[in-house]
Amino acid sequence: LTAVLVMPGVANADDIAARNQAISICRAEVQAQAGTDATVRLDQVRVRPRAIRVDLDLWRGTQLQNVRCDVSRGHDELTIASITPTVQTASLAR
């Protein structure tokens, strides 16, 4: 009975670690694509068994762009599956 009560906590800890890692890799990639003049902020996160969806707010001055980053949960590591819409650096967007 104790093992059953402990296991949900372990899975929850794994989900929290995966969630935090997904946020980190998505923010870093969107920031790298957007350039240093942009600000990337977390909007929300949804954790599912095989994927994590990270919604970010990308600010360039007073302009807001909503960006969705889908992360695949493989056996050992997280990988970015997609970023939508495509993020362009400010110099390319002009």
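Just so you know, all these numbers are worked out from the coordinates, no wet-lab data involved. Note that the structure is predicted; figures quoted are calculated from it, not measured. Cβ placement follows ideal geometry from the backbone for every residue including glycine, while neighbour counts extend to all protein chains displayed.
For the reader, a short list of remarks on this structure follows.
- For the range 58-79, filtering for residues that are surrounded by 14 or more Cβ atoms within 10 Å (Cβ to Cβ) and more than 15 Å from Asn20 (Cβ to Cβ) leaves 8.
- Within the range 34-57, restricting attention to residues that are touching a Ser or Thr at 6+ places or on another chain (Cβ under 7 Å) and more than 13 Å from Arg73 (Cα to Cα), the residue that is surrounded by the fewest Cβ atoms within 10 Å (Cβ to Cβ) is Gly35.
- Pairs where the first residue, in the range 55-69, is touching a residue at least 40 places away in the same chain (Cβ under 8 Å) and the second is among the basic types (Lys, Arg) and part of a strand (DSSP E or B), C-beta under 8 Å, 6+ apart: Cys69/Arg53
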